[in-house]
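The values are calculated or read from the model by the stated rules, or taken from the named source; none is laboratory data. In this text the structure is predicted, and so the values were computed from the model without any measurement. With ideal geometry, Cβ positions are generated from the backbone for all residues, glycine too; neighbour counts draw on all protein chains shown. Areas reflect the complete protein model, heavy atoms only, side chains present, ligands, DNA and RNA absent. Shrake-Rupley method; radii C 1.70, N 1.55, O 1.52, S 1.80 Å.
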Amino acid sequence: MFDRFSSDDGDDRTDDYEAARERMVRTVADRVDDDRVLEALRTVPRHEFVPPDRRSDAYQDRPLPIGDGQTISAPHMVAIMADRLELEPGADVLEIGTGCGYHAAVTAELVGAEGVYSVEYGADLAEQARDRLTETGYGDVSIRVGDGREGWTEHAPYDAAYFTCATPELPDPVVEQVRSGGRLLAPIGTGFQRLVMVEKREDGSLERSEHGGVRFVRMRGE
């Protein structure tokens, strides 16, 4: 069990947070093949991305509410998704569902912040995420407010795309914005959800694989 910390903003809990973050990394390590993903989790200060009254739980391996009916995903799920996508430095990545910005920060550690483009439906969440990302050193992550089903055409094509919210099916615009040879990863389903990987072949056809049951908040705007 992780230590519980004071959530007072004025308290300096750096050493406590670092120790808890390291324990979190050890907890999820057996689910991940790429050591770079573990190093990203080790680097990004997850407690900075959760509400102050939730910081004592920041490094527990479970989702937490972040407001507006949304959650920050459990660390193991962020790690699994990053690992499945096999993200390389310099890649351009589309994220659907910025939320608090934590998943974008982990992705930024893998590809570079300037290569992360995130779409958030809620204007307030998007603004808060921009502030957090800037304060934690990931200010080059690009965020726009809009319907994630439309993707972000301006910066396409992407090497990879992923959803932090569940969708009945992958929206065609997002699929089209991923280059041939790229990957898409999303929780698919309205009730029971599966984590689905789609690899886009050079001829434009799609190869689909499933990677277990998951539970995410549903994409908004539907």
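On the first, second and third principal axes, largest extent first, how far apart are the outermost C-alpha atoms of the chain in Å?
So the three principal-axis extents are 54, 36, 36 Å.
What is the distance in Å between the Cα centroid of the range 18-42 and that of the range 191-205?
26
How would you rank 207-213, 178-184, 80-86, 149-155, highest first, on the average number of other Cβ atoms within 10 Å across their residues? Could the numbers behind the result be given before it?
Working: 207-213: 10.6, 178-184: 18.4, 80-86: 21.4, 149-155: 16.1.
Descending packing order for the listed peptides: 80-86, 178-184, 149-155, 207-213.
Tell me the mean residue ellipticity at 222 nm calculated for the chain from its helices only (DSSP H runs of n ≥ 4, each -39500 (n - 2.57), averaged over every residue, nearest 500).
Mean residue ellipticity at 222 nm (helix-derived): -8500 deg cm²/dmol.
For the range 71-172, with only Lys/Arg (+1) and Asp/Glu (-1) charged at the beta-carbon, what is the dipole magnitude about the Cα centre, in debye rounded to 20?
240
For residue 66, list long-range residues whose amide hydrogen, built 1.01 Å from N in the peptide plane, is under 5 Å from its own amide hydrogen.
Under 5 Å from the amide H of residue 66: 71, 72.
Which one, 219, 146, 44, projects farthest toward the positive side of the charge dipole computed for the chain from Cβ point charges (K/R +1, D/E -1)?
Farthest towards the positive end: 219.
Please find, in a Gaussian network model of the chain (springs between Cα atoms separated by less than 10 Å), the residue of 92, 53, 159 whose mean-square fluctuation is greatest.
53
Tell me, how many Å apart are the Cα centres for the range 119-183 and for the range 47-72?
Between the Cα centres of the range 119-183 and the range 47-72 lies a distance of 21 Å.
Can you find, among 191, 118, 174, the residue farthest towards the positive end of the dipole of the chain? Put +1 on the C-beta of Lys and Arg, -1 on that of Asp and Glu.
The residue sitting farthest along the positive end of the dipole is 191.
Work through the residues other than residue 177 whose Cβ is under 14 Å from its Cβ and net out their charges, Lys, Arg +1 and Asp, Glu -1.
Neighbourhood net charge equals -3.
Would you mind working out the accessible area per residue for the chain, using a 1.4 Å probe, and quoting it in Å²?
45
Hey, in the GNM for the chain with a 10 angstrom Cα cutoff, which one of 191, 115, 67 fluctuates hardest?
191
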